[in-house]
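S.K.: This is the structure, below, for whatever I ask next.
The values are calculated or read from the model by the stated rules, or taken from the named source; none is laboratory data. Values in this document were obtained by computation on a predicted structure and should not be read as measured data. When we count neighbours, we look across all protein chains shown, and the Cβ atoms used for this are built from the backbone with ideal geometry, even at glycine. Areas reflect the complete protein model, heavy atoms only, side chains present, ligands, DNA and RNA absent. Shrake-Rupley method; radii C 1.70, N 1.55, O 1.52, S 1.80 Å.
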Amino acid sequence: MSVRPEAMRYDRMYRFLWLYAAALALFGLALDSPAGIAAGLRTIVLTEDALITDYVLIAGPGAALVNAALVTAISTLCLRLAREPLNGFSLVVVGLMSGFSLFGKNFVNIWPILAGSWLYAKFRREPLGKYTAVGLLATALAPVVSYIALDNGWGTLGTGCLTGLLIGFLMPPLSAYTYKIQNGMNLYNMGFACGLTAMVLVPLMSSLGADPTTQYHWAEGYRPLFGAAIALFCAALFLLGLVIGPSPGASWSGYRRLLLTSGRAPSDYLRMFGPGPVLLNAGVNGLIGLAVILGTGGDLNGPTVGGILTIMGFSAFGKHARNILPVIAGVLLGGAVMHWSLNDPAVQLACLFCTTLAPIPGYFGWPYGVLAGFLHSSVVLYTGTPVAGMNLYNNGFSGGLVAIILYPLIIDIFRRRKPALADRDYFDPIQHDEPVPPPHVREVTEPKNR
């Protein structure tokens, strides 16, 4: 089977993912001694990881960053060994895995879920590449594995691993279905699928005698360190985006066209515009996330840095400045009129992860984005309690609920038009074919003859 030249060109970008993992490891090693990092990694592996468990607090920034480097390298290796052609969704997976490995995922508790996705591929007699990305994202439920395996009063290592296998086996078909019912308006589809799964698993565990509870480990005092690191990283991506294309003008022109898209899934910006505009977009979006945290007096730690890295990852698959700012504004508006503060840890995370609803303002207009963010800011504060923090993508679960409610209301009441959704409007994550942009996205990405 021959490999298309275009696929080979994108596959060369895997070297940047390896450099990213190496940079995380070197940053961590610069912050702590090898002995301190080894002790911190042991603490991370032996800690129950329910939300919010900030690895920066419990293990130190050095160990947290080295864990992120290991998880990033594992994710990149899995994609590479599965012969997964690099696309925008691949960058989403790596960005999300590296971000959440600062507060919930570690290089041990992800393996049972990954093995479950491998078993599903064998069961279906299909290539592993069809399910690798889904298996990696399904590690949102890695805290379930850690809780069962480490709780000496209830679970065991064996039952924890078996539960992880079951999760990895079930998530591919479930996530394919939940993607469709959200109409492409919630970018964190796996968060919604994992939230539904946790709504079944946690009550079942409690009925069997377990007592899972949410956690609160939140580091403070790292704003100068992480602020400077993120700013430099974003600036480097921005400059790299200018020079990686045929010319700085071409990259900037592609970025301007990218800003005209709705972001509605599927929106594979890497294949639509190329690496230059995507890197520009990642740099800008990262700076926006950093400005939101610093501007609201928030903290820079494992969870918030993870949120910024997640936004940057989704810069290759749906997010840009024009469609994330209205949703963020909705959360900020909620902070002004509701009985909670923007300084609350859960709200700080909502300010970042609310961008899962970026397709709503991109598709319907900014006022609806403000409304979506406003609703999300309250819904997300209550969706984590029933699942005891076991779903790391809690904002994705909340975003799915908001999207499912808002989409038909906007379509039928405010816009007064019938949904016209074809099958090609959906990106089925368990299909091997590349995602096809919906018609309204393709129109703005095709150059016009002047």
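S.K.: If you take the residues in the range 365-397 that are touching a residue at least 40 places away in the same chain (Cβ under 8 Å) and among the hydroxyl-bearing types (S, T, Y), which one is surrounded by the fewest Cβ atoms within 10 Å (Cβ to Cβ)?
M.R.: To start, the set of residues in the range 365-397 that are touching a residue at least 40 places away in the same chain (Cβ under 8 Å) comprises 366-378, 381, 383-397.
Checking the rest, the ones that are also among the hydroxyl-bearing types (S, T, Y) come to 368, 377-378, 383, 385, 393.
Numbers: Y368: 23, S377: 27, S378: 17, T383: 22, T385: 11, Y393: 30.
Across the range 365-397, the extreme among qualifying residues is T385.
S.K.: Could I ask something else about it? Go over the candidates A198, A235 one by one and state the one that is within 24 Å of the chain's Cα centre (by Cα), of a type outside the set (D, E, K, R) and closer than 14 Å to L392 by Cβ.
M.R.: Values: A235 fails: closer than 14 Å to L392 by Cβ.
Unique residue meeting the criteria: A198.
S.K.: Say we look at the range 38-72 and pick out the residues that are among the hydroxyl-bearing types (S, T, Y) and open to solvent by less than 20 Å² (accessible area, probe 1.4 Å); which of these is nearest to W111 (Cα to Cα)?
M.R.: Here is the first cut: in the range 38-72, the residues among the hydroxyl-bearing types (S, T, Y) are 43, 47, 53, 55, 72.
Restricting the remaining residues to those that are open to solvent by less than 20 Å² (accessible area, probe 1.4 Å) gives 53, 55, 72.
Working: T53: 19, Y55: 19, T72: 13 Å.
Among them, the one singled out is T72.
S.K.: Criterion first (without any contact (Cβ under 8 Å) to a residue 12 or more places away in the chain, in a helix (DSSP H, G or I), surrounded by fewer than 22 Cβ atoms within 10 Å (Cβ to Cβ) and small (G, A, S)) does A228 satisfy it? Quick ask: steps written out before the conclusion?
M.R.: Numbers: without any contact (Cβ under 8 Å) to a residue 12 or more places away in the chain: yes; in a helix (DSSP H, G or I): yes; surrounded by fewer than 22 Cβ atoms within 10 Å (Cβ to Cβ): yes; small (G, A, S): yes.
So A228 passes the test.
S.K.: So, P172, is that one in a helix (DSSP H, G or I) and either open to solvent by 50 Å² or more (accessible area, probe 1.4 Å) or out of contact with any helix residue (DSSP H, G or I) (no Cβ under 8 Å at 6 or more places or on another chain) (or both) or not?
M.R.: So P172 fails the test.
S.K.: I'd like to know if the range 128-137 contains one or more residues that are among the charged types (D, E, K, R), open to solvent by 20 Å² or more (accessible area, probe 1.4 Å) and in a loop (DSSP other than H, G, I, E, B). Quick ask: steps written out before the conclusion?
M.R.: Start the filter on the range 128-137 by keeping residues that are among the charged types (D, E, K, R), which leaves 130.
Those left that are additionally open to solvent by 20 Å² or more (accessible area, probe 1.4 Å): 130.
Going one step further and asking which of them are in a loop (DSSP other than H, G, I, E, B), we end up with none.
For the range 128-137, residues among the charged types (D, E, K, R), open to solvent by 20 Å² or more (accessible area, probe 1.4 Å) and in a loop (DSSP other than H, G, I, E, B): absent.
S.K.: Further, regarding this structure: Checking G263 against (1) surrounded by fewer than 24 Cβ atoms within 10 Å (Cβ to Cβ); (2) in contact with a Pro (Cβ under 6 Å, 6 or more places away or on another chain); (3) among the small types (G, A, S): exactly one of these is not met. Which one?
M.R.: Result: G263 fails condition (1) only.
S.K.: Then there's this: Among the candidates V436, V402, which residue alone is open to solvent by less than 20 Å² (accessible area, probe 1.4 Å) and either at pLDDT below 90 or within 24 Å of the chain's Cα centre (by Cα) (or both)? Steps first, please.
M.R.: On the way: V436 fails: open to solvent by less than 20 Å² (accessible area, probe 1.4 Å).
V402 is the lone residue from the list that is open to solvent by less than 20 Å² (accessible area, probe 1.4 Å) and either at pLDDT below 90 or within 24 Å of the chain's Cα centre (by Cα) (or both).
S.K.: Moving on to the next point. Within the range 95-103, is even one residue without any contact (Cβ under 8 Å) to a residue 60 or more places away in the chain, under 30 Å from G221 (Cα atoms), of a type in the set (G, A, S) and in contact with a helix residue (DSSP H, G or I) (Cβ under 7 Å, 6 or more places away or on another chain)?
M.R.: Initially, the range 95-103 is screened for residues without any contact (Cβ under 8 Å) to a residue 60 or more places away in the chain, giving 97.
If we keep only those that are under 30 Å from G221 (Cα atoms) too, we end up with 97.
Now restrict to residues that are of a type in the set (G, A, S): none.
No, there is no match, as no residue in the range 95-103 is without any contact (Cβ under 8 Å) to a residue 60 or more places away in the chain, under 30 Å from G221 (Cα atoms), of a type in the set (G, A, S) and in contact with a helix residue (DSSP H, G or I) (Cβ under 7 Å, 6 or more places away or on another chain).
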